[in-house]
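Participant: One structure follows; several queries about it will come next.
The values are calculated or read from the model by the stated rules, or taken from the named source; none is laboratory data. These numbers were taken from a predicted model, which means no experiment stands behind them. Reconstructed Cβ throughout: ideal geometry from the backbone, glycine too, with neighbour counts over all protein chains shown.
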Amino acid sequence: MKKDQVVFGIDIGGTNSKMGLFDLEGNLLKSHHRPTNKNIDPDNFIAELAQDCNEMLKSTLNIQLGDPRVLGVGAGAPMANTVTGMVGYAPNLGWHNVPLKYLFEKHFKTKAAIENDAHLAAVGENRWGAGKELKHFVLITLGTGVGSGLILNKKLHVGFQGLGGEGGHVLIAHTKERQCSCGGMNHIESYLSAQGIKQTIQEMIGEAWSIEKLGQEFKAGHSKATEVIHTIAGELARGLVSIAVVVGPEAFIIGGGVSNLGEPFNKIVLEKFDELVHFSLRGRVKIIQASLSSDKGAIYGGAAYILDEVLH
């Protein structure tokens, strides 16, 4: 095994796409990001990512794609299916029937493994992050959409034909119906995606606050912000209760850009969770912050995923 062998971890998000170059011990050598270009053909977009990654290789190791020292690429995207190698339909990207594994292997000139982006974030937390000491946990990513990854007995659970673990589409009881980006009604994603939270802010406060401003006003003790925080925390808690009674996790790990609301938000979610959950789980499930940065969790997971494939 050569010291200069590397892999890529990539996360194609609904808003931004991130790339990381890793050595075989999981050290991040270089990272880069670009806006996700939904206005071009996916083939051309993956070619753009490959060009960025080629520049990362040149500047870091003075090699380029196609060099045998590049062992592979692990990539995550919404609705990516590791069994089929396809993205069947990703509403937040507008992609239909995209042969993602093939496109990565074509443009990166190496072995590729693809997976749901939230699944990969869970793999990253399991290997190197907040879940490394846990056997059973659920990662919840709060971002453009809401995703989840299930780690059961230290292994990623993907379900039949890779279709499991879509916790963002758990239905929650609510007095106001709201459509999810997938077309369904009253999913966790309907309320806890970035757009869902902004809609709640507008409805409750009458102003177009950013989520960052919501966090700042909550920290400052603004009463309206506190009311919004308690509302969205309750919505998330109701969804987590449904997942918890089926999975029985030690913890929920909260990641994604919205997770920057931080531990005060997580504490409120836990309080509401314990009010609602079955007595057998009350006080026994933790809600903790992802320890890999909220914008890099899935690239670490992508690196871990492809390392397992090429080394084991």
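Participant: Could you please let me know if Met19 is in a strand (DSSP E or B) and crowded, with 17+ Cβ neighbours inside 10 Å? Break it down stepwise before answering.
Facilitator: On the way: in a strand (DSSP E or B): yes; crowded, with 17+ Cβ neighbours inside 10 Å: yes.
Criteria met by Met19.
Participant: Which count do you get for residues in region 40-95 that are among the hydroxyl-bearing types (Ser, Thr, Tyr), modelled with pLDDT of 95 or more and in contact with a helix residue (DSSP H, G or I) (Cβ under 9 Å, 6 or more places away or on another chain)?
Facilitator: 0
Participant: Would you check which residues across region 31-82 are among the basic types (Lys, Arg) and either part of a strand (DSSP E or B) or closer than 17 Å to Tyr102 by Cβ (or both) and list them?
Facilitator: Once the filter is applied, which keeps residues that are among the basic types (Lys, Arg) and either part of a strand (DSSP E or B) or closer than 17 Å to Tyr102 by Cβ (or both), region 31-82 yields only Arg34.
Participant: Pull up region 144-161, narrow it to residues that are closer than 18 Å to Gly302 by Cα and under 16 Å from the mean Cα position of the chain (by Cα), then point me to the one that is surrounded by the fewest Cβ atoms within 10 Å (Cβ to Cβ).
Facilitator: His157
Participant: Pick out the one residue from Thr82, Thr110 that is farther than 22 Å from Gly147 by Cα, touching a strand residue (DSSP E or B) at 6+ places or on another chain (Cβ under 8 Å) and polar (S, T, N, Q).
Facilitator: Thr110
Participant: Turning to a different aspect of this structure: Suppose we filter Lys109, Lys101 for residues that are without any contact (Cβ under 8 Å) to a residue 24 or more places away in the chain and closer than 18 Å to Ile10 by Cα; which single one remains?
Facilitator: Working: Lys109 fails: without any contact (Cβ under 8 Å) to a residue 24 or more places away in the chain.
Only one candidate qualifies: Lys101.
Participant: Out of everything in region 179-189 that is part of a loop (DSSP other than H, G, I, E, B) and touching a strand residue (DSSP E or B) at 6+ places or on another chain (Cβ under 7 Å), what residue ends up being surrounded by the most Cβ atoms within 10 Å (Cβ to Cβ)?
Facilitator: Cys180
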